[in-house]
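Each remark here refers to the structure printed beneath this line.
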Amino acid sequence: MKENQQYWTNRYKENKTGWDIGYVARPIKEYADQLTNNALKILIPGAGNGYEAEYLWKQGFDNVHILDISEVPLKQFKERNPDFPNTHIHQANFFEFKDQFDLILEQTFFCSFVPTDENRNRYAKHMSELLKPTGKLVGVWFDFPLTDNMEKRPFGGDKELYVSYLSPYFKAITFERCHNSIPPRQNNELFGIFEKQ
């Protein structure tokens with residue numbers, strides 16, 4: 001964990017955060033705007049600066065939790081949102097984190113892991129473990145070719161590849177090319193809604 005934690009902490013400290021668009025991503029925002037149950041217990045893993053959580057919190061979702069391996073973005077999030085409960089901010093290794101949620105919002109978190117079969121299978125299994133029996137995994141996955149470069153994050157993939165890892169644990173409600181990506185990511189994102197099975 002320490003090596004991975006240091007990697008992401010260095011990325012934040014060196015401001016090498018090209019994935020950070022500075023506000024809630026449009027596909028997540030538009031999905032969140034359709035939610036009617038403010039009591040949902042929601043997790044955003046690999047939350048970074050947590051714009052999605054900040055948006056939900058300000059819309060009255062009181063049970064939003066953020067998780068990141070690095071304390072740097074979590075501190076920045078807390079500075080922006082001083083009233084956000086400390087008990088809902090988790091600095092932890094995703095694979096060691098335990099709790100259960102109604103909804104997990106995925107913002108290209110999957111694509112941050114070195115793309116070994118072991119990592120990707122562990123991701124799918126642990127996502128399932130973190131969800132309640134009727135829980136949903138919803139969000140955005142990058143849609144561009146996976147290369148042999150094991151250093152260049154974020155890592156890519158395609159619909160078929162992602163489904164191969166998720167299908168043992170989840171039923172796809174929808175998983176299609178994003179129609180509402182920001183211009184720089186147009187045609188490079190998939191939006192999915194998966195139900196735990």
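Remark on the stretch 84-197: Rg and Dmax equal 14.2, 41 Å (Cα only). Using R0 = 35 Å, the C-beta based FRET efficiency linking residue 129 and residue 188 works out to 0.75.
Each of 167, 112, 128 was scored by other Cβ atoms within 10 Å of its Cβ. Listed from fewest to most, they are 167, 128, 112. Exceeding 24 Å between C-alpha atoms, which entries from my cross-link table qualify? They are 41/171; 58/78; 58/159; 98/196; 75/125; 58/98. Cα-Cα > 24 Å for 58/159; 75/125; 58/98; rest within. Please pull out the direction-averaged projected area of the chain, using the convex hull of its alpha-carbon atoms, in nm² to one decimal place. For the chain, the mean projected area of the Cα convex hull comes to 10.3 nm². Going 7 Å from the Cα of residue 35 along its beta-carbon direction, which residues of the stretch 160-181 have the amide nitrogen within less than 18 Å of the resulting point? Output list for this probe position: 173-174. With R₀ set to 25 Å, the beta-carbon distance separating residue 159 from residue 122 gives a calculated FRET efficiency near 0.75.
In loop segments of the stretch 125-197 as defined by DSSP, the GluC sites (Glu not before Pro) with at most 12 further C-beta atoms inside 10 Å of their C-beta are 151.
Summarising the amide proton neighbourhood of residue 157: residues at separation of 5 or more, or on other chains, whose placed amide H is nearer than 5 Å comprise 144, 146. Name the residue, out of 117, 102, 143, whose mean-square fluctuation peaks in a Gaussian network model built on the chain with Cα pairs under 10 Å. Its mean-square fluctuation being the largest, the pick is 117. By its C-alpha gyration tensor, with a ≥ b ≥ c as the square roots of the eigenvalues, how is the stretch 51-128 shaped: rounded for a/c under 1.5, else prolate for a/b larger than b/c, else oblate? The shape class here is prolate.
Each reported figure results from applying straightforward, stated rules to the coordinates on display, with no laboratory input. This is a predicted model, so every value here is computed, not measured. FYI the Cβ positions are ideal-geometry reconstructions off the backbone, even for glycines, and counts take in every protein chain you see.
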